[in-house]
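This structure is in structure tokens; I'll ask about it shortly.
Throughout, read-outs are computed from the coordinates displayed, never taken from laboratory work. Since we're looking at a predicted model, the values are computed, not measured. With ideal geometry, Cβ positions are generated from the backbone for all residues, glycine too; neighbour counts draw on all protein chains shown.
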Amino acid sequence: MARRPMRPSGWRGRPRATREELIAADLALASEHTPEAVRARLQQEPGVSYLRDFIYGAIDGAVTTFAVVAGVQGADLDEKVVIILGGANLLADGFSMAASNFLGSRAERQQRERARHEEQRHIRLVPEGEREEIRHIFAAKGFEGEDLERIVAVITSDEDLWTDTMMSEELGYSSAIPNEFRAALATLVAFLTVGFLPLLIFVFDLASSATVAEPFVWSAAMTAVAFLVVGGLTSRFVDPSWWRSALETLVIGGVAATLAYFAGALLENVA
């Protein structure tokens with residue numbers, strides 16, 4: 001009787017793995033947790049993910065550009081207007097989003113630096129009070145007696161370690177520090193790349209000698225595909241299944257696009 005493929009717990013929505021694949025994955029995982037591998041990994045700087053910035057730019061680029069397309073279509077205007085307004089939206093809104101992300105990320109970094117300086121100041125001025133905070137933090141984690149006092153002594157013997165501990169345990173700051181330039185670039189690239197898809201068929205229609213039938217339908221279809229692809233790619237880095245993430249992204253983007261279409265149709269009737 002053939003052995004049924006297995007799937008580890010927590011792999012909901014992902015393809016089932018064969019027994020050989022599971023064994024290979026277990027061996028690879030074990031090799032990553034040898035003393036040498038653990039030491040080498042922990043000596044590296046913690047990685048920073050710009051997935052949020054990419055998704056933010058990609059979804060907003062597709063939604064806002066298709067909103068322009070849908071609004072112009074709803075108002076029954078010429079397709080040249082679609083390209084002009086859509087292109088202006090891509091450049092202006094894309095740069096605006098990237099700049100906003102840059103300023104927001106920089107403000108967070110500056111806030112973090114200020115908090116670190118404050119903690120260092122407190123350690124210098126009121127060391128006993130800061131030492132008591134360390135004691136309470138690790139007592140809450142279940143340490144007590146000599147073990148607790150030993151932990152407090154080790155941490156407070158090094159000012160950098162002491163500060164890092166207060167930053168993470170008391171203030172909740174992660175050890176990974178995002179780069180505001182990379183965050184802004186991820187947003188801008190995603191916005192321009194994905195946001196251009198709703199306009200692509202109109203640009204092709206204008207540049208081509210052949211006439212494209214129902215360009216708005218093609219634009220809507222390409223935008224829907226963009227939503228599905230972005231949602232599906234997102235699932236590779238988070239737990240939800242790819243189809244659930246893709247459909248969620250499609251629904252959210254579709255609602256925004258539908259509102260824009262009816263807003264354009266309403267304004268046409270008003271005008």
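Return the Rg/Rh ratio of the range 102-246 with Cα-based radii and a Kirkwood Rh. Display every interim value, and only then the final one.
Working: Rg = 25.9 Å, Rh = 20.1 Å.
That ratio is 1.29, to two decimals.
Note the full-extension length gain between Leu266 and Asn179 as 0.36 nm times their separation in residues minus their Cα-Cα distance, in nm to one decimal.
Additional length available on full extension: 27.0 nm.
Now for a different question. Mind giving me the FRET efficiency for Arg109 and His136? R0 is 45 Å, r the Cβ-Cβ distance, nearest 0.05 is fine.
0.95
Taking the Cβ of Trp218 as the centre, find all other residues whose Cβ is under 12 Å away and add up their charges (Lys, Arg: +1; Asp, Glu: -1).
Residues near Trp218 contribute -3 overall.
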